[in-house]
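The structure appears right after this line, and notes come after that.
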Amino acid sequence: MTTENLWWACVAVFVPLFPFSMIFNAAYAVARWTWVRLVMLLLWPQIGLWLVPAASAAPEHRLAPWLSLLGLATGVFYAWRLLSVRALNVWVSFWATSAWSLAWAVMLGGGHGADLRIAMAGVSVTAAALACGVRALADCWGEAYLGPRHGLGRQAPRLAGVLVVGLLAAMGTPVLPMFFVMLWLVMHTDGYGVVGAMVVWLLWSWSAARVWQVLLFGAERKEAIWSQEAVTDLSRFSTMSALLLAIAGAGAAMIWSARWLMQ
Amino acid sequence: MGLTLLLALALLGACLSMPAATAGAMRLGPLALLLDHLAVAMAVLVAAISLVVHVYSMRYMADEPGYARFFALLDLMTADILLLVCAGDLLTLLLAWFLVGVVLYFLLGHDTTRTASGRYAFWTFLTYRIGDLPLLAAALLLWRGYGSLQLPELFDRVAAEPGLQLAGWPVVGVVALLVALAAFARSAQFPLHPWLPYSMEGPTPVSALMHAGIVNAGGFLLNRFAPLFLHTPAVLHTVFVVGLVTALMGSALMLTQNDIKKSLGYSTMGQMGFMVMECGLGAFSLAIYHLIAHGLFKATLFLGSGSVIGQARQHDGVPPDEVYTFVVERRPMRPTRLPWAVALGVTVVVPALVLGLAHALIAADFVHTQGAIILLFFGWVTGAQVFFSIHRLPSENPWRTMGMTLLSFVIVVVGYTLVGHLFERFLYPNRAISAALYAAAGIDLVAFDALVVLLTVALVGAWMMTLYADAIEMPEPASGRWNRVYLNLYALFSREFYVADVYRRIGEGLIAAAKRVNVRLRWV
């Protein structure tokens, strides 16, 4: 294996490409502290993009075109696997893997500059916000596993609201950052990239709706009723902070997208 | 909401006072609003229906939990639809188009104690998302091909260079097909329709808003992109076929459902089929008139249903119809129905007579023009639907009912033709564009004749099935091969053509396979 290929293998770990993508998901599952997970979510793709120039100055000329397809396939594969995920920590790591892997289609199209870093940061911030919500759910329920539990919306309306907004952000709802990130990605990739990104988008939406379906609808958790245990909702301060983060993210994404749309 | 309606009316007044082809536009960075005749007409409709729904909901939802949330979502939905109809660029259109499905999900699933409302809101959401993505692809292709996001500018460039290709694909043709797909999902066209009949699980005001306004978005979208369809006859023919199939299926399912709510849902599906079919025939303005008329009558129907139920509770409770007479008064039923042979004759002979007279009296080639095709397919299918309905309902004097129906039908057709013509002058003041749309949608004589034969066979077949259904209620029901055919058809209709079952199977299969793969890969 040449040095360049070794560099590209490293990039494939941090900008996930199956089967290297399994390293991130295994590491995320092993990391128990929330702050470690947040750091991983925020830094992982940036490390990969930082390694790209070390691997090659012009990746679009050095990489085989099938890598773009493998990147898209990785995105579709993890988005499809999301459909059956009930543990929300796994959901976050699969979703982030699926979103980051779409960067390969853009890199092969010649886009590997600051905008790609910003787009991946948009994915990371969304994943990190969702991870914080999942942590709060684990505090509330004892674990962030959906299983047979339903009706969080009536037990802890603020927490359910924050989680639903997080899921809406993850599935690319306007005007939250992922909507603009996905727009940027499809505008900077070829026809296969557009089709792949759309399949991924559809699968995210399906999967996210399945999750909030369980959170919002149906009977409340039976164990909570039997044991009369108090379920802790998010504080008003945390809820407001989450809302402000969403508004700030939307504002920043709009300013960023206005810049490249006006060009 | 009242102020919104006043503003919309003021805009309509301003539009009417300006020269016909003028359109107002407002821009903020890449975003823009376009206030042309189509946008303003739709804005008036949306604001009016939303105002009625708001006023109705104030009392209807008063005792429901989440009152403030409901109104916040209702306001957001109204604002979003207004943004959608006034969008002057592709980005604003996409933003508004994507948001409709999300807000509608939370409105339909307002009552979180009911799992069913969540399940059907989920179906709606997923279908809407399926419709979002083709519009995104269309926007992307237009931007790449013609280098602009602004709709008026894009349409000018398309008119200047309609044959542009990207990677060997005709941009306008592919975009028109993608726009049509987005419209199909939003307006419940076959096979993307199963969400609509089941969306009644939401609160009544939401059903009214959805069936009267939101579901019409497909017709609006086709009209908004009408300048593209000038260059894509094949796509217009596809739109016509999908609309026709949807209209026939919606009408058939409406007539065969026992559940009144589902029947109403399929009625909307049939109407959406007519609306899309009109676009496929080049009668774009007629589709807008249709969606406005349908919106007003469907909103009245939904919002009036509560008071009908209330009246029924206050009074006797059981109306003195034949079931009452049979069950309560123990008198034998005496069903009096319109003879099926007469109904069949009317539904098959009258359209042929109308076309023949038009051929003889107006012009020899009249039957080949778009006007005749619209009259045939819209008038014929609608008329047949009415006759099937009145045949099902026993009446004291079926001949009088049939006479009144024929009279109403003539009034409706004449009224439709006149108002449709006025609407065409309002929405498409440039006669050349509407003429070009009709020309693009035109079909040749062979296709026309084939469609007439196909429709005749379908209607005669439906009447034969009705006759058979009446016959098997007799003491000695028919047996053998025809009975099997009838039972299979009965199963097909009662299971709503198995479309929802197929989707459910596919969904469950995909989820089960994902689970197996996840277990095999140890969830990493």
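The values are calculated or read from the model by the stated rules, or taken from the named source; none is laboratory data. Note that the structure is predicted; figures quoted are calculated from it, not measured. As a convention, Cβ positions derive from the backbone with ideal geometry for all residues, glycine included, and neighbour counts pool all protein chains shown. Ligands, DNA and RNA are excluded from the accessible area calculation, which covers all protein heavy atoms including side chains. Shrake-Rupley method; radii C 1.70, N 1.55, O 1.52, S 1.80 Å.
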According to a simple spin-label model (label point 7 Å from Cα along Cα-to-Cβ), what is the distance in nm between A:Arg86 and B:Ser263? 4.1 nm
What residues in region B:60-99 lose 30 Å² or more of accessible surface when the other protein chains are added to their chain alone (1.4 Å probe)? B:Leu91, B:Leu95, B:Phe98, B:Leu99
Computed label-point distance, nm, for sites B:Ala435 and B:Glu508 using a 7 Å Cα→Cβ extension: 5.8 nm
Within region A:11-25, whose backbone N sits under 20 Å from a point 7 Å along Cα→Cβ of A:Leu43? A:11-17, A:21-25
Per residue, what accessible area does chain A have, given a 1.4 Å probe and all protein chains present, in Å²? 40 Å²
Bin all alpha-carbon pair distances of region B:2-312 at 10 Å intervals from 0 and give each bin's fraction as a whole percent. 6, 27, 36, 22, 7, 1, 0
How far is helix A:66-82 tilted off the main Cα axis of chain A, in degrees rounded to 10, range 0 to 90? 10 degrees
Please grab the % of Cα pairs in the protein assembly as shown that end up more than 38 Å from each other. 45 percent
Where region B:475-524 is the region considered: accessible area per residue in Å², 1.4 Å probe: 78 Å²
A:Phe217's amide H: which non-local residues (gap 5+, or another chain) put their own amide H closer than 5 Å, with H modeled 1.01 Å from N in plane and none for Pro or chain starts? A:Gly151
Relative to the isolated chain, which residues of region B:496-516 have their accessible area cut by 30 Å² or more in the presence of all protein chains (1.4 Å probe, heavy atoms, no ligands or nucleic acids)? B:Leu510, B:Ile511, B:Ala514
Label points 7 Å out from Cα along the Cβ direction at A:Trp7 and B:Ala79: separation in nm? 4.9 nm
Using a 1.4 angstrom probe on heavy atoms only, work out the carbon and sulfur share of the accessible area of the protein assembly as shown in %. 70 percent
Kindly express, to the nearest 10 degrees and within the range 0 to 90, the angle between helix A:21-30's C-alpha long axis and the longest C-alpha principal axis of chain A. 30 degrees
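What is the average number of partner chain Cβ atoms found within 10 Å of a Cβ in A:206-217?
Taking all residues of A:206-217 together, the mean is 5.
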Peptide B:125-136 - average C-beta neighbours from other chains (10 Å radius): 4
log₁₀ of I(q)/I(0) at q = 0.13, 0.15, 0.19, 0.31 Å⁻¹ - region B:218-273, Debye sum with one point per alpha carbon: -0.41, -0.51, -0.68, -1.11
Rounded tilt (10° steps) of A:157-170 against the dominant C-alpha axis of chain A: 20 degrees
Can you give the calculated 222 nm mean residue ellipticity of the protein assembly as shown, where each DSSP H run of n ≥ 4 adds -39,500 (n - 2.57) and the sum is split over every residue, rounded to the nearest 500 deg cm²/dmol? -25000 deg cm²/dmol
Under a Gaussian network model of chain A whose springs join Cα atoms within less than 10 Å, the largest fluctuation of A:Leu152, A:Leu183, A:Leu49 belongs to A:Leu183
Residues in region A:61-91 reached by a label modelled at A:Asp190 [backbone nitrogen below 17 Å; 7 Å Cα→Cβ]: A:61-74
Just the accessible area for B:Glu496, please: 1.4 Å probe, Å², rounded to the nearest 10? 20 Å²
Over both sides of the B-A contact, add up the buried accessible area with a 1.4 Å probe and give it to the nearest 100 Å². 3800 Å²
Cβ neighbours within 10 Å from other chains - mean over B:109-122: 4
Using a 1.4 Å probe on protein heavy atoms, which residues of region A:77-100 have at least 40 Å² less accessible area in the complex than alone? A:Trp80, A:Arg81, A:Ser84
So what are the ³J(HN,Hα) numbers for region B:143-157, from phi and the Karplus equation (6.51, -1.76, 1.60; θ = phi - 60°), rounded to whole Hz, Gly and Pro as x? 5, 5, x, 10, x, 8, 9, 7, 4, x, 5, 4, 5, 5, 5
What FRET efficiency, computed as 1/(1 + (r/R0)^6) with R0 = 35 Å and r the Cβ-Cβ distance, is obtained for B:Asn488 and B:Leu3, rounded to the nearest 0.05? 0.05
Where B:Tyr503, B:Tyr486, B:Tyr438 fall by accessible area, highest first, once all protein chains stay in place (1.4 Å): B:Tyr503, B:Tyr438, B:Tyr486
